[in-house]
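Inspection log for the structure reproduced underneath, given as structure tokens.
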Amino acid sequence: MALQVENLHARIGDTEILHGVTLRAGKGEVVAVMGPNGSGKSTLLYTIMGRPGYTPTKGRISLDGEDLTALPPEERSLKGVMLAFQDPVPVPGVKLSMLLTAAWNKRRGAKELTRPDPRLLAAVRRNARDLGLREELLHRDVNVGFSGGEKKRSEMLQLLTLRPRYALLDEPDSGLDVDGVKTIAAAAARLAEEGAGIVIVTHYARILRFLEPSRVYVLVDGRVVDEGGPSLAHRIDREGYSRYLSSPAS
Amino acid sequence: MGAAVRMAKPIEDLVEASRLEELLGSVRQYPKEVEIRGRIERSLVEEISRMKKEPEWMRRLRLRALELFEKMPMPRWLYGVEEIDLEEIAYYVKPRAELVDKWEELPDWIREAYQRLGLPEAEAKFLSGFTAVYDSEAVLAKAKEDLKRRGVVLLPMEEAVRRYPDLVKQYFGRVFSMADHKFAALHYALWSGGAFLYVPPGVKILQPIEAFFFIGSELEGQFEHTLVVTGENSYVHFIEGCAAPVMRSYSFHDGMVELYAHRGSRLHFSTIQNWSRNIVNFNNKRAIAEEGAHVEWLEGSIGSRLTFTYPATILRGRGASTRNISVTLANGPVVKDVGGKAIHAAPETRSIIVSKSISAGGGLATYRGLVRVQRGARGSVSHVQCDSLVLDEKSRAYTYPRNEVEEPESEVGHEASVGRLSEDQLFYLASRGLREGEAKALIVLGFIQEVLRDLPLEVASVLAKVVELEFSELGGVG
């Protein structure tokens, strides 16, 4: 049982960004994808999630053995993969609580997507408290006027509430202070404890101090150039990416 | 047989023309003149009047209107229509059932149609009275005991003309003049069906009253006329919902609503319009509010191919007020040309106009409103809010608000916004499991939330349900 990416090549428009990426995240495993800026880390997550305009040209993406490559993003989500965006887009008119309600109801096969579920809302409030997210934000249009920290917390809230089998985290710690990083890491750890496979993209190793990965992949120019255990993350923390780059490091 | 109303060629042509307008910065209308084929004979109008057993004054009113119709020029604001064939419009269609008082007595095929619309439930729970029109004739009239006892008159319009001629005569045709435009005149010549509601002074009806109209056969022009009069310090909320089955040729609807709110009264009038996609819909709506009276219009325009509707309130008495809310959906190759009008003709009057339009699938929504503050209307306040949401590249929204302010001691404000749906937003919602139609429905519901919040539950829930259906079925109802 795993989220498996095999020899994935992908392009955005006419530009090939990924040149044969292979990685695997098993149930309950935390897997880190690190690399310098522009290495294709976000592209990898978007391609797994099925973002329009991000076209796989070769290779396979599978979830627990099932091929996702031909499915639209909403189907992939319902099958159990979800993305926590680095900078989630504001959606005026859709309150955070309504988004959660609709996504929740959809997964339960309820016909009325907008019907509020009191059990859900109770769980949402608890999760929000644990994340240090003000309850007031639940009643606001999602991501509209949210601070950076609030956006990150809101993304984690959605993951904790909707419990995907595999969570893709796109730099969930960027822009946060130490307490914020610890909070996000704790939430991700909780997801993993409950059986979710986590793929965390991060430029810095900081968050990995609080969320130990079992495996680390290093992505440079759309290729996996190194793979290792948690010590790999420690080394990058100390040395950066210079050994992987032919030109001066970013 | 051709169509009663022949549409302009592909709606894209229309959208092109409108865009050209915008580029040129003028409000010049679509250039082509609408042609009228055939005639309405005077003898036909006389026959209609005779069959309805109308008093002399009504017969003369129809004939005067017919004359005006023939003389008046085609309105310049009309576009999207190439030809109107009068010969093909059936003026008077009598359904096989006679006037009945109970649901059970309706013929099966009518009851079935109403059941599909969810009417029996609505009737049972929320409504005080009910009038249904089928094929231009009031088939079912049902007023609860309570209303009768309180002196409320709720009848099909024709019956009201016969039974309360003096009362009706005081108001009929006095709020919306037949000379206003060519199709108002046509309406008055051919009107049939509609409801008459009179609320005596001091009577407050807390449960909304509802009426449904049905176009049952092809090529029928619906010319229903609804008249609501509220006596001093009374209150009523009238809900009108239109639905029609899918048809094969075009159909034409030229209805009218006249509201008269006497001193201190409150008159709320709600319409949920969900005509099927081949109907051309003119809706003539006007209200007069006397001193301290309040008139509220709510227009939820979901269906039809082409709609022209501009609910207007004339604030004739000191301190009169009006709120005019429209939620307009142009989903698919359809055109909605709508707007609210408020005429401040007395001091201390207030108007609020809120227009929410949503364009999708190549639809065009245009807001064309008017606020006029006449000299002497001191201390008047008006606020207009126009919000448009455009869901894709193919669709359009335009706003042409007009203010004519002749009184310096007044406040007239306006806000407008245009929102566009981005691919990123759709992807974000998709990553949560929502497919495009569901995502759009959520966004649209959120967009109209502030309006839904202020409505009575039964209206809000119907409107929300209809909007949700429109998007989740990728193309709408009917």
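The values are calculated or read from the model by the stated rules, or taken from the named source; none is laboratory data. Computed from a prediction, not measured in an experiment: that's the story for all the values here. Here Cβ is always computed from backbone atoms with ideal geometry, including for glycine, and neighbour counts include all displayed protein chains.
Annotations
- Subset of segment A:98-112 (residues that are surrounded by fewer than 19 Cβ atoms within 10 Å (Cβ to Cβ) and either modelled with pLDDT of 95 or more or at negative phi (or both)): A:ARG107, A:ARG108, A:ALA110, A:LYS111, A:GLU112
- Check on A:ARG190, among the basic types (Lys, Arg) and either closer than 21 Å to A:ASN37 by Cβ or out of contact with any strand residue (DSSP E or B) (no Cβ under 9 Å at 6 or more places or on another chain) (or both): yes
- Just one of the listed residues (A:SER154, A:SER174) is in contact with an Asp or Glu (Cβ under 9 Å, 6 or more places away or on another chain) and either within 14 Å of chain B (Cβ to nearest Cβ) or not in a helix (DSSP H, G or I) (or both), and it is A:SER174.
- In segment A:36-73, the residue that is surrounded by the most Cβ atoms within 10 Å (Cβ to Cβ) out of those that are charged (D, E, K, R) and away from every other protein chain (no Cβ under 13 Å) is A:LYS41.
- The one condition from (1) crowded, with 19+ Cβ neighbours inside 10 Å; (2) more than 14 Å from every other protein chain (Cβ to nearest Cβ) that B:GLU468 does not meet is (2).
- Scanning segment A:13-35 for residues that are over 18 Å from A:GLY65 (Cβ atoms), surrounded by fewer than 24 Cβ atoms within 10 Å (Cβ to Cβ) and touching a Gly at 6+ places or on another chain (Cβ under 6 Å) yields a total of 2.
Residue-by-condition table, conditions (1) among the charged types (D, E, K, R); (2) touching a residue at least 12 places away in the same chain (Cβ under 8 Å); (3) crowded, with 20+ Cβ neighbours inside 10 Å; (4) under 30 Å from A:ALA122 (Cβ atoms):
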{"residue": "A:THR161", "(1), (2), (3), (4)": "no, yes, no, yes"}
{"residue": "A:PRO164", "(1), (2), (3), (4)": "no, yes, yes, yes"}
{"residue": "A:ARG206", "(1), (2), (3), (4)": "yes, yes, no, no"}
{"residue": "A:PRO213", "(1), (2), (3), (4)": "no, yes, yes, no"}
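- A:LYS95 being modelled with pLDDT under 95 and within 14 Å of chain B (Cβ to nearest Cβ): no
- Residue satisfying condition, being surrounded by fewer than 17 Cβ atoms within 10 Å (Cβ to Cβ), within 14 Å of another protein chain (Cβ to nearest Cβ) and under 30 Å from B:ALA464 (Cβ atoms), within set A:ARG115, A:ARG76: A:ARG115
- Pairing residues of segment B:197-209 that are within 20 Å of B:LEU455 (Cβ to Cβ) and assigned by TED's automatic domain parsing to the domain that holds B:LEU155 with residues that are charged (D, E, K, R) and surrounded by fewer than 20 Cβ atoms within 10 Å (Cβ to Cβ), at Cβ distances under 7 Å and at least 6 apart in sequence or on separate chains, gives B:PRO208/B:GLU458.
- All positions within segment B:428-460 that are within 11 Å of chain A (Cβ to nearest Cβ) and not hydrophobic (A, V, I, L, M, F, W, C): B:TYR428, B:SER431, B:ARG432, B:GLY433, B:ARG435, B:GLU436, B:GLY437, B:GLU438, B:LYS440, B:GLY446, B:GLN449, B:GLU450
- Strands (runs of 3 or more DSSP E) wholly inside segment B:304-344 containing at least 1 residues that are touching a Gly at 6+ places or on another chain (Cβ under 7 Å): B:306-309, B:321-331, B:335-338, B:341-344
- Residue list for segment A:60-105, filter: in a loop (DSSP other than H, G, I, E, B) and polar (S, T, N, Q): A:THR69, A:GLN86
To keep it simple, each residue is scored yes or no on (1) in a helix (DSSP H, G or I); (2) loosely packed, with under 14 Cβ neighbours inside 10 Å; (3) in contact with a Leu (Cβ under 6 Å, 6 or more places away or on another chain); (4) not assigned by TED's automatic domain parsing to the domain that holds B:GLY339.
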{"site": "B:ALA397", "(1), (2), (3), (4)": "no, no, no, no"}
{"site": "B:PRO408", "(1), (2), (3), (4)": "no, yes, no, no"}
{"site": "B:PHE427", "(1), (2), (3), (4)": "yes, no, no, yes"}
{"site": "B:GLY433", "(1), (2), (3), (4)": "no, no, yes, yes"}
{"site": "B:ALA441", "(1), (2), (3), (4)": "yes, no, no, yes"}
